[in-house]
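The structure under discussion appears below in the form of structure tokens.
The values are calculated or read from the model by the stated rules, or taken from the named source; none is laboratory data. None of the values given here were measured: they were computed from a predicted structure. Please note: Cβ atoms are built from the backbone with ideal geometry, for glycine as well, and neighbour counts cover all protein chains shown.
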């Protein structure tokens, strides 16, 4: 049975995801951040699909769980490519885009293989656990890659404020998701008790991106090195 | 075991990214100059103090909300609470940390004042559009 909170969270998440695309179109940033927008469009489609399954079968049904974990796995793959597109933006001047793409595909394949191997060893319910394992591992790989990207931003003295905010909010999102997946792996009974935590976290990334695209002009500059210094 | 390691690393990274993200929001607003009207309303002249934050947030809540402003305001609210926590715990022992938390709290208040300025001008625009209609 759906409560008012489910409705509100679903509606807000879908609204914020659509808002990112609208803001990008309005600011003529759709093509520049194509993979970010593509991820948001996929998220809108998955939100609609997830809600339909939720209405028809309920939160605790097997159908909802299958749909939820597999759609999350597909979404995190598309977010992974959005992250790689940010790498391309940061490393554009070094002309290493094709190496970045090749490395990204190799890392994705490696993560999928590792997830398969881990599930194959420890679980009899391979199909359901593979999507969960892949999502968790990809969120963690995404977190590590975002951290490396942040390091590259500091090292290369990248000053585009919009890019910096997009990368940092992605870091918050990946680490929050990786932490919540890890804790639910440690205590599987906690995953469905956490209830609204993951959907609420899911609202934060589109909001942060919409805010950055809407409020921060493309030409705005920031000194990332100053953000990392706590004491002055 | 792997899940426990992932959890610890992720939680540490979450704190760090959240900290940098909030500072990037503050840095973007620090360059904006407040109008005389907002300075009068908030009582902030040149530099804001952490004690102004609560009052400015109350004023901010009186204005119509804008969805694209929500993340920034909420993130800075959470950051301000984190700073308050640091101020009342670790900063009691480390004096340099106390001075830094005070500075950051003041910048949070300035961020809120900049957001207030935006909301006031948004409300004005809405009112002007209604009058035209």
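Answer yes or no as to whether residue B:37 is more than 14 Å from chain A (Cβ to nearest Cβ) and surrounded by fewer than 19 Cβ atoms within 10 Å (Cβ to Cβ).
Details: more than 14 Å from chain A (Cβ to nearest Cβ): yes; surrounded by fewer than 19 Cβ atoms within 10 Å (Cβ to Cβ): yes.
Yes: the conditions hold for residue B:37.
Given the condition surrounded by fewer than 18 Cβ atoms within 10 Å (Cβ to Cβ) and within 16 Å of residue A:34 (Cβ to Cβ), answer yes or no: does some residue in the stretch A:101-111 qualify?
Taking the stretch A:101-111 as the starting set, the residues that turn out to be surrounded by fewer than 18 Cβ atoms within 10 Å (Cβ to Cβ) are A:101-103, A:105-110.
Narrowing the set further to residues that are within 16 Å of residue A:34 (Cβ to Cβ) leaves A:101.
Yes.
Would you please name the residue that is nearest to the chain's Cα centre (by Cα), looking only at residues in the stretch B:43-74 that are at pLDDT below 85 and in a helix (DSSP H, G or I)?
Checking each candidate, the answer is B:72.
Cβ contacts < 9 Å: first residue within 13 Å of residue A:216 (Cβ to Cβ), restricted to the stretch B:23-52; second residue loosely packed, with under 12 Cβ neighbours inside 10 Å, any location; separation 6+ or different chain. Result?
Filtered contacts from the stretch B:23-52: B:27/A:226.
Quick one: is residue B:120 part of a helix (DSSP H, G or I), touching a residue at least 24 places away in the same chain (Cβ under 8 Å), over 30 Å from residue A:143 (Cα atoms) and more than 14 Å from every other protein chain (Cβ to nearest Cβ)? Don't jump to the end; show me each part of the working.
Values: part of a helix (DSSP H, G or I): yes; touching a residue at least 24 places away in the same chain (Cβ under 8 Å): yes; over 30 Å from residue A:143 (Cα atoms): yes; more than 14 Å from every other protein chain (Cβ to nearest Cβ): yes.
Criteria met by residue B:120.
Take the stretch B:32-42 and flag every residue that is touching a helix residue (DSSP H, G or I) at 6+ places or on another chain (Cβ under 9 Å) and assigned to a helix (DSSP H, G or I).
Just the residues of the stretch B:32-42 that are touching a helix residue (DSSP H, G or I) at 6+ places or on another chain (Cβ under 9 Å), to begin with: B:32, B:34-35, B:37-39, B:41-42.
Within the stretch B:32-42, B:37, B:38, B:39, B:41, B:42 qualify.
With over 19 Å from residue A:216 (Cα atoms) and in contact with a helix residue (DSSP H, G or I) (Cβ under 7 Å, 6 or more places away or on another chain) as the only criterion, which of B:104, B:117 stands out? Reasoning before the result, please.
On the way: B:117 fails: over 19 Å from residue A:216 (Cα atoms).
Sole residue among the options that is over 19 Å from residue A:216 (Cα atoms) and in contact with a helix residue (DSSP H, G or I) (Cβ under 7 Å, 6 or more places away or on another chain): B:104.
Considering each residue of the stretch B:1-23, count those that are more than 15 Å from residue A:141 (Cα to Cα) and at the interface with chain A (Cβ under 7 Å from one of its Cβ atoms), and give that number.
6
Name every residue in the stretch A:210-220 that is in contact (Cβ under 8 Å) with a residue 60 or more places away in the chain and closer than 17 Å to residue A:159 by Cα, in order of residue number. Don't jump to the end; show me each part of the working.
First, the residues of the stretch A:210-220 that are in contact (Cβ under 8 Å) with a residue 60 or more places away in the chain: A:210, A:213-214, A:218, A:220.
A:213, A:218, A:220, listed by residue number.
Residue A:202 is checked against (1) closer than 30 Å to residue A:220 by Cα; (2) within 12 Å of chain B (Cβ to nearest Cβ); (3) modelled with pLDDT under 90 and fails just one. What number does that condition carry?
Failed condition: (2).
Which of the residues belonging to the stretch A:122-160 are facing chain B (nearest Cβ under 9 Å) and at pLDDT 90 or above?
Looking only at the stretch A:122-160, we keep the residues that are facing chain B (nearest Cβ under 9 Å), and these are A:136-137, A:139-140, A:143-144, A:146-147, A:150.
Result: A:143, A:144, A:146, A:147, A:150.
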